[in-house]
Structures are given as C-alpha cells and as structure tokens.
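Colleague: Here you go, one structure.
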Amino acid sequence: MSTNMPAKSKESPLAVTVVGLGYIGLPTAAVIARSGAKVLGIDVAQNVVDTVNDGRVHIEEVDLHGLVQGVVSRGMLRAAIAPEAADVFVIAVPTPIRAGHQPDISYVLDAARTIAPVIKAGDLVILESTSPIGTTEQVAELLAEARRDLKIPGHCAGSSDVFIAYCPERVLPGRILIELVDNDRVIGGITPRCARKAMAFYRRFVRGACLTTSARAAEMVKLVENSYRDVNIAFANELSMIADNMGIDVWEVIRLANRHPRVNILQPGPGVGGHCIAVDPWFLVAGDPDNSHIIRTAREVNEAKKDFVIGRAMRMIEESGAERIACLGLAFKPNIDDFRESPAVSVAAALAKIYGARIELVEPFAQALPMEFAGTGAQLVELDDALAGADMLILLVDHDLFKSIPLDERADKIVYDTRGLWPDQPKGDGGPRISRAA
Ligand code: SAJ
C-alpha cells in the first residue's frame, strides 16, 4: 500500500463520494464500500437514492444485489441527492453522444459543479466516465474557477491542494464485479502527483495492475480500447457481407483463417450494440475528424450491417412466402437484459413495421417489447410457441437458450442465422447459415 493516501485511523475510515449511481457508479460504490471505506453515492434521481438506501438495486448485474444489500446493511454505503465532504470523489456519470456525433460532457461538468462547494485541501477527485480528450482538464478548470481559495492542479504553481485524475472504467456488463477488481487500471493524473494519489486509492480494492500516465493519455486509452474492438468487429462484419454475396459461409472462413498463428478475426453479427463500443469511437472522430478515417469507416460499416441484415431478411421472406416469422433475441449481446443501442431491436423493429403481426419476437430477458415495436402488431411470444408455429426463424442474439435448440426443431424452417450460432444448420442456396428446408 502506498503512503500517498491521507492516513486514516480505524475509527475514521476513508470517506468516498461516488457521483452517479448507474451501471458503473453503483457497482463501483459497492466495491469501494466493501474495501472498508465509508461511501456516499449521490444521484439526481430520488427513486435511485431510495432504492439503494433500501439495500436494493435498480439495474441488473450479476451478484450486485447481494453486495449492495450487505454494504448498506453494515452502514458502509448510503445514497443521497446532495454531496457531503469526503476524502475522495469519483465521478461516474453518462457522457452521451448528441446530434452530429458530438460528445456531450455536460453531466460531467454538472457533477464537478455539484462537488465544488464541498471539496477541501487534501481531497482527490477522479473522473471515470468515458470522456473526450481534455475533459479532465475542463473539470480542473471548472474547480479552479469555483474554488479560488484552493490550489487546483494545472492552475497553480508548486504542489496543489486538491488532486485530480482520470481513471476509465473498463468492465464488461455481466462481469462487472469481477472485472472491477481483477482488471488492470490506467490512471492519468493532471500532474504525476495526482496520478500517484489516485493509484494509492485504487490499490485499496483493485487486484489488477495500476498503471499511471497523464490524464489526456488515459482518456485516449479508453477511447482507443473500444475503437479497437469496433474496428475489428467491422472487419468481421465486412467479411460477412462479402461472403454472403459470394455464397460462402463466413464463420467457416473465419474459423479456418484463425488457424493462422497471427490472425484472430472476431465474430460478425447483425451490427454492434451497447452504449460503449457503438458510441465511444465517435469521441475520437470528433476530436480529430481529418485523421480518423478507419475509426469512422468502421462505425459506418457496423451501422450499415443492420441495413444489410434487414434487406437480406426481406428478400428471404418475399422469396419464400414465409407467413409467420420469429425473430430470436433483442438484447445487444448474449445472456443479458440490456437493449440499449441493440442492432437486434433495430432489425426486428424494421421488419415489424413492414410485416406487422407476421413478426413474432422471442426474448427470454424481456418482460415487454421495447417501444420501437409500438403500433406494429408484432407480439412477444415464448420460444416454444415460436418453434411450433413459425415457418421462418431469424436468429439475432446468441443467447444460450437459442444455442440449445436442436436441429430437428429448426430443420423444417427457413433459417437466417446472423450470429453463426447453429453450425449444423444445413446450408441453402443462399450460402451462409441460411437454409431453406432440410
Ligand atoms: N460483438 C460482435 N462480434 C464480436 C464481439 C462483439 O458483433 O466478436 C458485438 C456484441 O454482440 C455487442 C457489441 O459488439 O453488440 C459490444 O459487445 P462487447 O461484449 O464486445 O462489449 P460491451 O459493449 O459490453 O463492453 C465494452 C468492453 N470493451 C472492450 O471489450 C474493449 C468493456 O470492457 C468496456 O468496459 C465497455 O465496453 C465500456 O463500458 O466501455
């Protein structure tokens, strides 16, 4: 343990305020509380504050409910609307994208304004939200203007009173509590001393390596990670469109190409979803539009894949005359209940707008259909009903439930497998995992 953190006796545990109790903020607050700090989570939504104070959760994440219940009942985590004095402030609020693919950091700046009155000399302020390069410096500037009585890093000579750093979250939904502890952390300080202070804080609850750099580099690292994945998925999606037009099974091609020792192609699908990979690359493009050709094109390829799938499905429906069409899956990736930016929703909703009640949706993780289906006449049905009644299946999400459908329950159907989930599906004259009748 580094000696950089303020020394705290047993009677007075480190006080941490986490701003934003969403998908990242709440698990982070709970993990910090479990490590022995007294955590106050603040959120603008009263229902979120009430839920957490009740020891409950408003988001689905593996093992999160039990952890929150435990730390709240031990008095280590509580929630409120207004912040209080603390030793460490962690900002984990959304950074959405607005019209023209422009990042919106207003929630981050609002969070900084909210904590400005309560920060004091010795405090550490950490931004975790995915942010355009330069955002942490803007937080410092805002705090320097709001608190002229304090020496803010980057705005003072010599050592600062307050320490400001950027440390992006890198956790995968569904594995958040594991990855919060095990993943390496990149910690960028406004000054090297800020980075060292933040590193001492993360070492309290992170088992992975803590690596320090500048705030700007750490901001870019986060954007680069998700852009890297987007570019690689775009490559797979581009291959899938070429292979489809050539009548070749792209999954077989990828499997064989990946036998090369230096080739590792990702998996194609109906597009890229979620609130991170489909969004963050635009933050890099917005920062330097003239030089971000591959990153922008990858985004466009992954977006265009949705339209390709819609067009392919329509051709199959028209040519086969299928009457009842079941779309399997709406989530943005397998085995989760998250439908944000989901390509499966876009594809299925587009088909529902055209074919109405002929479209059935199967989604084991949904209680009701997302609003994109309002007024289309399409219905949410059980998997067994779809398998009994539909003459065409469009597989959009590789949920385990769908993987387990045996060939004999699919064999008499027209099948469009956009995820390559059913390698045993007989290939039809259309090529890739598209079958007419067996
Ligand atoms: N996908 C494919 N083919 C693949 C892999 C993924 O089509 O071979 C699609 C998925 O179906 C999904 C989308 O990409 O629609 C994104 O899913 P994901 O599982 O790759 O990633 P996310 O969005 O759940 O989480 C990502 C992670 N980033 C990286 O893997 C670089 C996670 O570590 C980040 O913390 C998270 O974004 C974030 O919050 O930024």
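Colleague: Within segment 85-117, what residues put their amide N at less than 17 Å from the label point 7 Å along the Cα-to-Cβ vector of residue 141?
Modeller: It comes to 103-113, nothing else.
Colleague: Of 293, 399, 65, which has the most accessible area with a 1.4 Å probe, and how do the rest follow in descending order?
Modeller: 293, 65, 399
Colleague: How much accessible area does residue 19 have with a 1.4 Å probe, in Å² rounded to the nearest 10?
Modeller: Using a 1.4 Å probe on the heavy atoms, I get roughly 10 Å².
Colleague: Please report how far the C-alpha centroid of segment 192-258 lies from that of segment 149-173, rounded to the nearest whole angstrom.
Modeller: One Cα centre to the other: 25 Å.
Colleague: Follow-up question, since we're still on this one. Cα-based Rg (one decimal) and Dmax (whole number) for segment 231-435, in Å?
Modeller: In Å, with Rg to one decimal and Dmax whole: 16.9, 53.
Colleague: Related question: What ranking of 135, 212, 191 comes out by heavy-atom accessible area, probe 1.4 Å, highest first?
Modeller: 212, 191, 135
Colleague: Ranked by accessible surface with a 1.4 Å probe, highest first, in what order do 178, 254 come?
Modeller: Heavy-atom accessible area, descending, gives 178, 254.
Colleague: How many nm separate the modelled label positions at residue 207 and residue 290, each set 7 Å beyond the Cα in the direction of the Cβ?
Modeller: For residue 207 paired with residue 290, the spin-label model returns 4.8 nm.
Colleague: Please give the solvent-accessible surface of residue 74 in Å², to the nearest 10, using a probe radius of 1.4 Å with every protein chain present.
Modeller: Its heavy atoms expose roughly 150 Å² to the probe.
Colleague: OK, next. Charges only on Cβ, +1 for Lys and Arg, -1 for Asp and Glu: so what's the dipole of the chain about the Cα centre, in debye to the nearest 20?
Modeller: 1640 debye
Colleague: At 222 nm, what value in deg cm²/dmol follows for the chain if DSSP H runs of at least 4 each add -39500 (n - 2.57) and the sum is divided by all its residues, to the nearest 500?
Modeller: -12000 deg cm²/dmol
Colleague: Could you give the length gained by full extension between residue 82 and residue 366, i.e. 0.36 nm per residue of separation minus their alpha carbon distance, to one decimal place?
Modeller: Full extension from residue 82 to residue 366 adds 98.9 nm.
Colleague: Note down the net charge around residue 25, summing +1 for each Lys or Arg and -1 for each Asp or Glu among other residues with Cβ under 11 Å from its Cβ.
Modeller: Within the 11 Å Cβ shell, the charges total -3.
Colleague: Across bins of 5 angstrom width beginning at 0, how are the C-alpha pair distances of segment 113-216 distributed, in whole percent?
Modeller: Calculated P(r), rounded to whole percents: 3, 13, 23, 23, 17, 12, 6, 2, 0.
Colleague: Okay, next question. Relative to a virtual label point 7 Å from the Cα of residue 255 in the Cα→beta-carbon direction, which members of segment 412-426 show backbone nitrogen distances below 16 Å?
Modeller: Inside the label zone: 417-426.
Colleague: Hey, any idea what % of the chain's accessible area is carbon plus sulfur with a 1.4 Å probe?
Modeller: Reported share for carbon and sulfur atoms: 53 percent.
Colleague: I've got another one for you. As I understand it, the value is the acute angle between the Cα axis of helix 215-246 and the longest principal axis of the Cα atoms of the chain; what does it come to in degrees, rounded to 10?
Modeller: 0 degrees
Colleague: Using 7 Å Cα-to-Cβ label points, what is the residue 411/residue 315 separation (nm, one decimal)?
Modeller: With each label point 7 Å from Cα toward Cβ, the separation is 2.8 nm.
Colleague: Rolling a 1.4 angstrom probe over the protein chains, ignoring ligands and nucleic acids, what is the accessible area of residue 315 in square angstrom, nearest 10?
Modeller: Surface open to solvent at residue 315 totals about 120 Å².
Colleague: Within segment 302-403, report the GluC sites (Glu not before Pro) that DSSP leaves as loop and that have at most 11 other Cβ atoms within 10 Å.
Modeller: Sparse-neighbourhood loop GluC sites (Glu not before Pro): 382.
Colleague: Quick one: P(r) of the chain from all Cα-Cα pairs, 10 Å bins, percents rounded to integers, in order of increasing distance.
Modeller: It works out to 4, 20, 26, 22, 16, 9, 3, 0, in whole percents.
Colleague: In nanometres, what is the gap between the two model label sites at residue 53 and residue 380, each 7 Å from Cα along Cα-to-Cβ?
Modeller: 3.1 nm
The values are calculated or read from the model by the stated rules, or taken from the named source; none is laboratory data. Only a predicted model underlies this, so the values are computations on that prediction, with no experimental measurement involved. Quick reminder, even Gly has a Cβ in these numbers, built from the backbone with ideal geometry, and neighbours come from all protein chains shown. Heads up: the accessible areas ignore ligands, DNA and RNA and are worked out on the full protein's heavy atoms, side chains in. Shrake-Rupley method; radii C 1.70, N 1.55, O 1.52, S 1.80 Å.
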